[in-house]
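Structure, as structure tokens:
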Amino acid sequence: MHTIKHQKARSLYPTFERKAPGADVSHYCPGCGHGTVHNLIAEAIDDLGIQDRTIFCSPVGCSVFGYYYFDTGNIQCAHGRAPAVASAIRRTHEEAIVISYQGDGDLAGIGMSQIVHAANRGENITVFFINNAIYGMTGGQMAPTTILGQKTVTTPDGRHAENEGFPIGMVEIINSLQAPVFIERVSLAGAKKVMKARMAIRKALRNQVEKKGFSFVEILSPCPVNWKMTAVEARRWLENNLEPVFPVGNLRDLPKGPFDKVDKKKDSRMSDRKILEILGVNEEEVHAGTVQLQEEQNVKIAGFGGQGVLSTGILLANCAIAEGLKTTWLPSYGAEMRGGTANASINISHETIGSPIVSYPNVLMVMNLPSLDAFEDKVRPGGAIYVNSSLATRKVRRADVTAYHIPASDMANDLGTIQSASVILLTVYALVSGAITIETLKKVIPLSIKRKNLVDLNMQAIEAGVTWHRDNCPKP
Amino acid sequence: MSLEEKNFIEVNPKRCKGCAACIVACPNGCIEIGSEINQMGYQFARFAVRKCIACGMCFYTCPEFGAITVYQKPRKGA
Ligand SMILES: Cc1ncc(C[n+]2csc(CCOP(=O)(O)OP(=O)(O)O)c2C)c(N)n1
Ligand code: SF4
Ligand code: SF4
Ligand code: SF4
């Protein structure tokens, strides 16, 4: 019986459903180096047994669709920011294996500062830097790593040092820093070199598993299409032209980083209590911890920019934290800070919250008519809608939700600040839902509002809300 | 020695983009580009000469996912 010696890695999806139903080929051009590196990384993930805890941070560039292929955790990062995203994951998920996968435009161009600082901090992450000496995705513009004389769309008669500077050697830059443990440049120019690349990729990942610190692998990789060559010619060109400028080889392979990342982080990590102390919050005072939610609260607060929609959202989320609940707050606003529309999504739960997005709220607070029009139909049956009836002049049309029409802007105006209208809505919501208590609301407001007279006005707004609720909401 | 006792590779015609990187990679000239054209419009690679040593060079060089699978012959006595 024959045995399978080499086959597609398990860490790649069997079919690439995110690309297209049933798809089983990559989106890469024929002969592109990205696919080769994907295969090598996936094999290493398989062999190290880390598929379940790997998070693949893909860049902007041709490899933007890393999540089509890697059956791991995936985050597609803003251009050049993958090392910052990876650092954040590193510090919040101790057991995660974090990969930052980046092209040369991404890493050495727009993201130069991110990579240098992540390396300098010695984050225990693994960076795979695909250097194809060109911007592939956007059609062949000069990259920081384009070599002198190389013709690109933006250097039609070749890169000239006096005009565009010299090609940047990234491993050399990273090697000037103290913190990294592993730095190597490899090439995909030929099969033997691919095997060396394979070893470097495995080592760089193993280092992370062993919590050694920052590992950086630069991979010289063909881009046949933008180099305007066949895949075979591109590999030859790479060997003859890129390798002399970017010598391959290992620059650093330390048995251990300059500091023990794991223990060090533990020691220097601030306790929750300490953070509250710095923020001037008395933990005992705010941690009520008595609220029992009937169901998870998926709240949408919407209105004009400047109506306090976003800050009311933060206030609600802070109250939920003070109640000892889990919460998220996600703002969304147009380019105009005032006058435009804005909304905040807030989730409140006893359980860990998976996504901060609220597409179908069970609680909607609307400050104006356009927001009521925009979100009324999204509310889940059985949900509640709190309407600022001073500005949203029509009634809620849905019969399968509970509607509260509160003349909040008029009430706030009577108090002397129209800004606190959203706090009145929030107060009524608090009383109806029981998700946060009025006591907590009153304790948290002074923590998030610094100006004393505004604190007083908001306290009065809460009272106004309590009164409205007493007069308009019959006791069950 | 029968053919059953030799190493070989399989190229999945649906997944191959005919870039020929594997052909250059193979130390024993086992692979060639065929004349047939697949659904994507590429002339795909095929295993041609059976001197395969199952080294995996073609497999690791190939940029596609699962285009090449390498099979090892049965071990003697197994
Ligand atoms: C903030 C931002 N600026 C510019 C772009 C346009 N853009 C998309 S990909 C890219 C360069 C990609 O080149 P590289 O990182 O070398 O990756 P490759 O495509 O060659 O793999 C640029 C500039 C963008 N998407 N976002
Ligand atoms: S443009 Fe270049 S880097 Fe992008 S997929 Fe094509 S060959 Fe690969
Ligand atoms: S496994 Fe090695 S010998 Fe066999 S076809 Fe591939 S490259 Fe050639
Ligand atoms: S390297 Fe892969 S895609 Fe390219 S010809 Fe060979 S099998 Fe086909």
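The values are calculated or read from the model by the stated rules, or taken from the named source; none is laboratory data. Note that the structure is a prediction, hence the values are computed from the model and not measured. Methodologically, a virtual Cβ is constructed for each residue, glycine included, from the backbone with ideal geometry; neighbour enumeration extends over all protein chains shown.
Conditions (1) under 24 Å from A:Arg252 (Cβ atoms); (2) within 13 Å of ligand 2 (Cβ to nearest atom); (3) in a loop (DSSP other than H, G, I, E, B); (4) within 14 Å of chain B (Cβ to nearest Cβ), marked per residue:
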{"residue": "A:Glu95", "(1), (2), (3), (4)": "no, no, yes, no"}
{"residue": "A:Ile99", "(1), (2), (3), (4)": "yes, no, no, no"}
{"residue": "A:Leu107", "(1), (2), (3), (4)": "yes, no, no, no"}
{"residue": "A:Ala118", "(1), (2), (3), (4)": "yes, no, no, no"}
{"residue": "A:Val127", "(1), (2), (3), (4)": "yes, no, no, no"}
{"residue": "A:Ile130", "(1), (2), (3), (4)": "yes, yes, no, yes"}
{"residue": "A:Ala133", "(1), (2), (3), (4)": "yes, yes, yes, no"}
{"residue": "A:Thr138", "(1), (2), (3), (4)": "no, yes, yes, no"}
{"residue": "A:Asp157", "(1), (2), (3), (4)": "no, no, yes, no"}
Output for Cβ contacts, cut-off 8 Å, separation at least six or different chains, first residue within 20 Å of A:Val25 (Cα to Cα) in the range B:29-48, second within 16 Å of ligand 1 (Cβ to nearest atom) and outside any strand (DSSP E or B), reads B:Tyr42/A:Pro30
From the option list A:Ser409, A:Ser389, A:Ser448, A:Ser422, single residue qualifying as within 19 Å of A:Asn318 (Cα to Cα) and surrounded by 16 or more Cβ atoms within 10 Å (Cβ to Cβ) is A:Ser422
Taking the range A:57-77 and the residues there that are more than 19 Å from A:Asn226 (Cβ to Cβ) and more than 12 Å from the chain's Cα centre (by Cα), the one that is farthest from the other protein chains (Cβ to nearest Cβ) would be A:Gly73
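Take the residues of the range B:17-30 that are within 16 Å of ligand 2 (Cβ to nearest atom) and of a type outside the set (Gly, Ala, Ser): which is surrounded by the most Cβ atoms within 10 Å (Cβ to Cβ)? Don't jump to the end; show me each part of the working.
Pass one, the range B:17-30, residues within 16 Å of ligand 2 (Cβ to nearest atom): B:17-21.
Okay, now just the ones that are also of a type outside the set (Gly, Ala, Ser), so B:17, B:19.
Values: B:Lys17: 26, B:Cys19: 30.
Selected residue: B:Cys19.
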Checked pairs for the range A:186-211, first more than 16 Å from A:Arg252 (Cβ to Cβ) and touching a residue at least 60 places away in the same chain (Cβ under 8 Å), second part of a helix (DSSP H, G or I) and among the basic types (Lys, Arg), C-beta under 8 Å and 6 or more apart or across chains, list as A:Ser187/A:Lys193; A:Ser187/A:Lys196; A:Leu188/A:Arg235; A:Lys211/A:Lys261
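Being more than 14 Å from chain B (Cβ to nearest Cβ), in a helix (DSSP H, G or I) and among the charged types (D, E, K, R) is the filter here; which residues of the range A:192-216 pass it? Spell out the reasoning first.
At the first step, the residues of the range A:192-216 found to be more than 14 Å from chain B (Cβ to nearest Cβ) are A:203-216.
From what is left, the residues that are in a helix (DSSP H, G or I) are A:203-209.
If the condition is that a residue be more than 14 Å from chain B (Cβ to nearest Cβ), in a helix (DSSP H, G or I) and among the charged types (D, E, K, R), then A:Lys203, A:Arg206 are the ones that fit.
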Return yes or no: is B:Pro13 without any contact (Cβ under 8 Å) to a residue 40 or more places away in the chain and at negative phi?
-> yes
Counted residues in the range A:28-56 being out of contact with any strand residue (DSSP E or B) (no Cβ under 8 Å at 6 or more places or on another chain) and within 11 Å of chain B (Cβ to nearest Cβ) come to 9
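Would a scan of the range B:31-39 turn up a residue that is among the small types (Gly, Ala, Ser), surrounded by 19 or more Cβ atoms within 10 Å (Cβ to Cβ) and within 15 Å of ligand 3 (Cβ to nearest atom)? Talk me through it step by step, then tell me what you get.
Of the residues in the range B:31-39, the ones among the small types (Gly, Ala, Ser) are B:34-35.
Now narrow it down to the ones that are surrounded by 19 or more Cβ atoms within 10 Å (Cβ to Cβ): none.
No, because not a single residue in the range B:31-39 is among the small types (Gly, Ala, Ser), surrounded by 19 or more Cβ atoms within 10 Å (Cβ to Cβ) and within 15 Å of ligand 3 (Cβ to nearest atom).
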Q.
Against the condition surrounded by fewer than 19 Cβ atoms within 10 Å (Cβ to Cβ) and among the polar types (S, T, N, Q), how does A:Gln102 come out, does it pass?
A. no
A:Glu243 meets each of (1) more than 16 Å from ligand 2 (Cβ to nearest atom); (2) within 22 Å of A:Leu48 (Cα to Cα) with one exception, condition (2)
For the range A:49-77, pairs from a residue that is outside the structural domain of A:Cys223 (by TED's automatic domain parsing) to a residue that is buried (at least 22 other Cβ atoms within 10 Å of the Cβ), with Cβ under 9 Å and 6 or more apart or across chains, are none
